[in-house]
Amino acid sequence: MYLKRLEIIGFKSFGERIGLDFVPGVTAVVGPNGSGKSNITDAIRWVLGEQSAKTLRGGKMEDVIFSGSDSRKALNFAEVTLILDNSDGRVPLDFSEISVTRRVFRSGDSEYQINRQDCRLRDIVDLFMDSGLGKEAFSVISQGRVDEILNSKPEDRRAIFEEAAGVLKYKQRRRKAEHKLFETEDNLNRVLDILHELDGRLEPLRIQASAAKDYLAMSGELSEIGTALLSHDIRENEKQLAEIRKRLEEATGLEQATAEEAARHESELGRHRSEAETLAARIDGLHTALAEAAANVEKWEGRKQVLAERKTHAERQLERLREDLAETVEAAERLRQRKEQAGQEANIRKKALREIRSEIRRLQEVMDRPLDETARKIDELKSAYIELLNEEAAVKNELKHLGQQLEYQAVSAERNRTRAGEARAEWEEASAALAEAERELTALKERLSAVRSDETDLASSREQTAAELNGKQEQLYKAYSLLEKLKGRREALLSMEAEFAGFHTGVREVLRAAESNRLDGIEGAVASLVDVKKEFAGAAETALGAAAQNIVTVTEADARRAIGYLKNSRKGRATFLPLSVMKPRRVDASSLSRASSHGDFVGTGDTVVTAEQKYMPIVQNLLGNVLISRTLKGANEIAGMTGHRYRVVTLDGDVVNAGGSMTGGGTDRGNPIFMRKAELEQVTEDAGRLEKSIGNAEKAIALLKQQLAEESGNHERVREEREALTEKEVASVGRVAELKAAERRLADRLSLFGDEESGTTVLASGIRDRILEAESRQTSLKEELGRASKEIEEMTGLYEEGRTERDRMNNRLGELRQEAAVLAEQLAQAESAAASVEEELSGRLARAERLREEMEWTAGGDAGSSPEEAENELREWKEKKAALEKDLSAALDQRESLQQSIASAEGRFRRAAETRATHSASVRESELIAGRITYELESLRSSLEDDYGIDELPVEGIRFPENLGPEEARRKVRLLKQSIEELGPVNTASIEEFETVSERHAFLTDQRNDLLEAKETLESAIDEMDTEVTERFSSTFHAVSRQFGIVFKELFGGGRTELVLTDPDDMLRTGIDIVACPPGKKLQNLSLLSGGERALTAIALLFAILKVRPVPFCVLDEVEAALDEANVLRYSDYLKKFSSETQFIVITHRKGTMEGADVLYGITMQESGISKPVSVRLTEGSEVEYEEPVPSVGAGTEGAGL
């Protein structure tokens, strides 16, 4: 593969489209300063994916677009196309020729193409990954790049080797994997947070769901039994209603029959009364006519007598007539009064009858008004009461739900506060880091100033180094002296151990005898068989006391022999502890349990020392029943908790004895045996540490001596330090900027948490307000329920009172009807009496009139009347009178018969009315019973529809569950309702919510497991990539190091060099130092070489890398500028030699390089501000002459000097 062609338009100074063709070998691009030849390098770098405008020597990416000149307008875009020959298939595309195009517009938009097909920048980067053509690779090397390689820190220099090793893709993948790992961990944390939240919800929801399931089960059973019970009650009520309606129909029929009978009797009574009235009028007429006839008879008889005795009796008769007239007038007046009284009495009876009939009509209207209105109101009140109960239950549920929401908000607020606290801690940490970084930056600036000052102050530096060396040597001598003292003390302690110093005489003699094999079975003293940590030394010393010098034997026989030895030698006494008989002593379990609950309790005495397993019975015998406390106060409390049955020892050596006595205080020193062992260990440890310090000091002194010997090179090292500090200053400035940005992000995050906390607080406040409203509504509902219940009771009372009043009115109606019948009879009698009085009054008045006539006649006489005429007149009137008397007698008989008929009819009417009233009362009672049953039926049907959603029962009804009768069902319903009521408010939605939350919990648990698995996979992948990078980097480093030594010798004509790893143990992060030794000089760091040597060394390193990892082409932009002519020729010769493997495009103005090129291109500005390629040639004096411009298809023209 090689670079075949480069096409440019609008890029920097190339205002016209140009094309440069390249061939394998070395192509040199030359031109005057400022002609734009380095823009060729920038164009290649840019098309390969460079994103830094600064690297392209601009301020922003739009700066690469041709900005115009005095005679040319600015262009709106820049475009570069790179054409590669891929006939060897180096790039994994099935094309023998590959073109890569990059285009940028002034709007900021960019376009990328591969073989004229649109693509992404990432596709171009991936295409050239590990091919040596990447924007960060060494396929394009400028003078600044060489300086950067030379002056980079060792850690930054390794990037060149990573590109050569082909590990950039692994590092990029590693970064992606780390990013994915970060995202995975972030997602895992979020999932864990959600799981933690769900864990808090799951159990309450499970309880709610369980209660809801119980509620639904009991509700279902209640529904089954309740519907059956309601069906049974409905059927029973329907049967009762049918019977009552049948009775009502019969009673109604009887009522109608008796009403008809009463009406018939009433009609008959009316007819009889009408006949009686007619007969009474006829009798009155007969009385009148009879009185008139009687008067005429008397008149004519009198006239006859008068005529006979007129003279003799005229005066007497006249007087008598006057008396009769007066009497008759008086009687008529009395009759008139009786008539008026009878009329008034009849009017009273009529008025009373009208009033009774009006009351009857009113009662009938009242009775006809149904009680359904009251029943309907009761139903409405009951429905309203049920609605209030439902609303109260809803308010209770709402209160519970709001309480849960408030609790959740509290948990959320606490979690938010925790996160805010973490964010604040991170912000404070970032602020602290920023402050530290700013302090470091300030320190760096101060240090940089100091280093610059140090360049003129090297003499003072050497004096300081010498003084430091003297100080180190003095410290070393003191350390030597102290080490000798420690060794002497150690020897003394070992001698004391060997001599058993500190032990009692008897103990010491037995131990010496055992050491010299004069006694068998002696294991040693307790103090020498146990080990005690320093912190427990005081407690162990006190707990053991004199027992520390007890001697441990294998058997009792061994102890007896040792005692005999002491007796025989009379060298003292000792206490022996035979292993064969010694038994552990323990604190009883209950006391130990109580003591363990105390915060100061450390353990039993046998737990604070260690010994071989075979000696543990001895340790447990001596210390197993001793309790250890951290403090004396704790010891008192532990002793009290265990009933003062055991000895309690503190870490300071104070004792609370069994029984409660206390021992304590201080001594000048502890048990010499324990102190000696501890001191021996401490001395041995101090001596070892001091020997190590002496070794380090000797190394430090050697380094100081070397530093002092090399003080002449300090100026160069100070310069190097100044440059390093300058780089650190730049890095520190960048770090400060990053930390400031991080601090701002964390401050924004903290502010966000604050906003969330405020939002949570507002939401919680809103929930509390809703709770207060709900509680207020609950109180109001309870009051409304009380009022509704009271109103229902009042309406029910009114209903019962209405029923009672209706029954009373029925009875009153019967009574009024009886009273009306009696009054009607009395009225008829009064009217009959009035008629009789009227009749008698008429007779009296007629008689009075006759008497007046007779008086007038008597007074005036009737001279013209004859006795015969009087006899004839008398006879006619007598006949007429006899006929009238006969008619009157018949009429009176008929009246008596009619009165009997009226009395009989009145009796029949009264009996019929009473029977009708009885039947009416029966009808009313049946109607009331039917109404009550109908109301109960409606109530039962409403309950069936409202409670169970059944609006119509099946024909066969709803059967009870097996083995369950009505009473058992009623009892079961009561129990179920009681159980449901005991459950309290139930959230049936919690079942689905619990299932949802459970499913979500299970899903998130799977997610957590998947994320954990993904995390492990990513961590494993990162480890694998680290291993791959380590292996590839190590292999490439060693290969480049070998080639670097070879190329260095070829370029320098000798000498040697090597690459040094700064941290060979960390191949993933180690830096690389370059140490070179040109011919005739000693091996030294790259920074100590001259500028030309450093440049040639960097070029040697570049060629070494290209040897290990050849690239298709390499652009060298004036990299040899710092070389002298001799080294330029060496560089050119090696370039020519190496061009058989790699194509080189060299931007140069050095003649030696131009002479070694296969093709020359010239770049000039024949028009101000416009770069153009031209053909060039070398004159005999190696001067460059620029000829005609090269056409845009422009193949290079070989120079004449080639």
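In region 154-199, what count of residues is obtained for those that are within 21 Å of L1011 (Cβ to Cβ) and touching a residue at least 12 places away in the same chain (Cβ under 8 Å)?
Qualifying residue count for the region: 18.
Would you say A1021 is within 30 Å of N187 (Cβ to Cβ) and in contact with a Ser or Thr (Cβ under 8 Å, 6 or more places away or on another chain)?
Taking the combined requirement at face value, the residue does not satisfy it.
R158: modelled with pLDDT under 70, part of a helix (DSSP H, G or I) and surrounded by 17 or more Cβ atoms within 10 Å (Cβ to Cβ), yes or no? So that I can check it myself, show each step before the final result.
Numbers: modelled with pLDDT under 70: no; part of a helix (DSSP H, G or I): yes; surrounded by 17 or more Cβ atoms within 10 Å (Cβ to Cβ): yes.
Here the answer is no, as R158 does not meet what is asked.
Table: residues versus (1) in contact with a Leu (Cβ under 7 Å, 6 or more places away or on another chain); (2) surrounded by fewer than 23 Cβ atoms within 10 Å (Cβ to Cβ); (3) of a type in the set (A, V, I, L, M, F, W, C).
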position	(1), (2), (3)
I8	no, no, yes
L20	yes, no, yes
V30	yes, no, yes
S35	no, yes, no
E50	yes, yes, no
T55	no, yes, no
I65	yes, yes, yes
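Rundown of residues vs (1) buried (at least 17 other Cβ atoms within 10 Å of the Cβ); (2) touching a strand residue (DSSP E or B) at 6+ places or on another chain (Cβ under 9 Å); (3) within 30 Å of D214 (Cα to Cα), yes/no style:
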site: A891; (1), (2), (3): yes, no, no
site: R895; (1), (2), (3): yes, no, no
site: R916; (1), (2), (3): yes, no, no
site: R924; (1), (2), (3): yes, no, no
site: L940; (1), (2), (3): yes, no, yes
site: E945; (1), (2), (3): no, no, yes
site: P961; (1), (2), (3): no, no, yes
site: Q978; (1), (2), (3): no, no, yes
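For region 193-209, give me the residue count where each residue is surrounded by 15 or more Cβ atoms within 10 Å (Cβ to Cβ) and closer than 26 Å to E1019 by Cα.
Within region 193-209, residues that are surrounded by 15 or more Cβ atoms within 10 Å (Cβ to Cβ) and closer than 26 Å to E1019 by Cα number 2.
Just give me the residues in region 167-176 being at pLDDT 75 or above and surrounded by fewer than 20 Cβ atoms within 10 Å (Cβ to Cβ), in sequence order.
Those that are at pLDDT 75 or above and surrounded by fewer than 20 Cβ atoms within 10 Å (Cβ to Cβ): K171, Q172, R173, R175, K176.
Six or more apart or on different chains, Cβ under 6 Å: which pairs go from a residue in region 80-94 that's closer than 29 Å to G10 by Cα and in the same structural domain as F22 (by TED's automatic domain parsing) to one that's surrounded by fewer than 20 Cβ atoms within 10 Å (Cβ to Cβ) and among the small types (G, A, S)? Could you list them?
T81/S99; I83/S99; N86/S96
The values are calculated or read from the model by the stated rules, or taken from the named source; none is laboratory data. The shown structure was predicted, so the numbers you read here are calculated from the model rather than taken from an experiment. In this analysis, Cβ positions are derived from the backbone assuming ideal geometry, glycine residues included, and neighbour counts consider all displayed protein chains.
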